[in-house]
1. I'd like the residue in the range 1-26 that is assigned to a strand (DSSP E or B) and closer than 19 Å to V134 by Cα and, out of all such residues, is most open to solvent (accessible area, probe 1.4 Å).
2. Looking only at the range 85-99, count how many residues are surrounded by 12 or more Cβ atoms within 10 Å (Cβ to Cβ) and touching a strand residue (DSSP E or B) at 6+ places or on another chain (Cβ under 6 Å).
3. Pairs only if they're at least six apart or on different chains, beta carbon under 9 angstrom, first in the range 121-140 and free of Cβ contacts under 8 Å to residues at least 60 places away in the same chain, second crowded, with 16+ Cβ neighbours inside 10 Å and among the aromatic types (F, W, Y); list them, first residue then second.
4. Exactly one condition in (1) touching a residue at least 60 places away in the same chain (Cβ under 8 Å); (2) open to solvent by less than 50 Å² (accessible area, probe 1.4 Å); (3) near the ligand (Cβ under 9 Å from one of its atoms) is false for T29; which is it?
5. Taking the range 176-191, which residues are assigned to a loop (DSSP other than H, G, I, E, B) and on the phi < 0 side of the Ramachandran plot?
6. Does P71 count as over 13 Å from the mean Cα position of the chain (by Cα) and not hydroxyl-bearing (S, T, Y)?
7. Could you please let me know if S119 is over 16 Å from I18 (Cβ atoms) and either under 18 Å from the mean Cα position of the chain (by Cα) or surrounded by 14 or more Cβ atoms within 10 Å (Cβ to Cβ) (or both)?
8. Can you tell me which condition R135 does not meet? The list is (1) part of a strand (DSSP E or B); (2) open to solvent by less than 50 Å² (accessible area, probe 1.4 Å), and all the others hold.
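The values are calculated or read from the model by the stated rules, or taken from the named source; none is laboratory data. Please read these numbers as outputs of a predicted model, since none were measured by experiment. Don't worry about glycine lacking a Cβ; one is built from the backbone with ideal geometry, like all the others, and counts go over all protein chains shown. Please note that ligands, DNA and RNA were not included when accessible areas were found on the heavy atoms of the full protein model with its side chains. Shrake-Rupley method; radii C 1.70, N 1.55, O 1.52, S 1.80 Å.
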Amino acid sequence: MVHKTINPKILYYGNPVILLTTMNEDGSTNISPISSSWALDHFLVIGLGAEGKAYENLKQRGECVLNIPGPDLWERVESLAACTGKEMVPPGKAAYGCVYVKDKFQAAGLTGKKSSAVSADAIAECPIQIEGKVRHIREPDYMEGIAIAEVEAAAIHAQEDIIKEGHHIDPGKWSPLIYNFRHYFGLGKELGKTARA
Ligand SMILES: Cc1cc2nc3c(=O)[nH]c(=O)nc-3n(C[C@H](O)[C@H](O)[C@H](O)COP(=O)(O)O)c2cc1C
């Protein structure tokens, strides 16, 4: 196999999409699509643009919900791509046509659902909802305009029909929406199971 050294503009090599909900100053809930995240045990690390509303709310409230959509929701995710909850649209966002949207639930046709451990609403249409409390946030000095937040899961909810044996997600019934170099994909068929417990 021959490999070539390349210099791509983006490096989003295929992560699940998350609709991050955070509470605004007036008690309403903002929705921000993100794909930069990973989970280890019950901790989650997320990468956020520092000029976005999600980051502002996360810093102020220290709480969020990671709502995980399935592939069927991709068009609703995409409908929020050029929307910000910031009334004064930051120049970096205005440059790509981003507009202020106060009610992103209405804009995307999504439904708010009260959370149990945090103040921001969850999104009813997302099969998995992870309520989280911020443990640590930093803006690394080597990455301008990017923040990294570490979040601890405080309550986890899953749609009944993807749960097996009481507390587990059935991977045969659940599949995330994947953001693959800025294109949306669903997962294909199962290839196998790890031997790891
Ligand atoms: C599929 C998808 C993935 C995205 N991933 C991220 C991400 O990981 N981090 C981020 O800060 N913005 C990401 N964005 C861009 C934000 O959604 C966008 O900046 C939005 O305006 C944020 O809204 P807010 O300012 O109300 O928080 C993504 C957008 C889309 C559509």
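1. M23
2. Count: 4.
3. Partner pairs satisfying both residue conditions: P127/W174.
4. (3)
5. Within the range 176-191, P176, L187, G188, K189, E190, L191 qualify.
6. Yes.
7. yes
8. (2)
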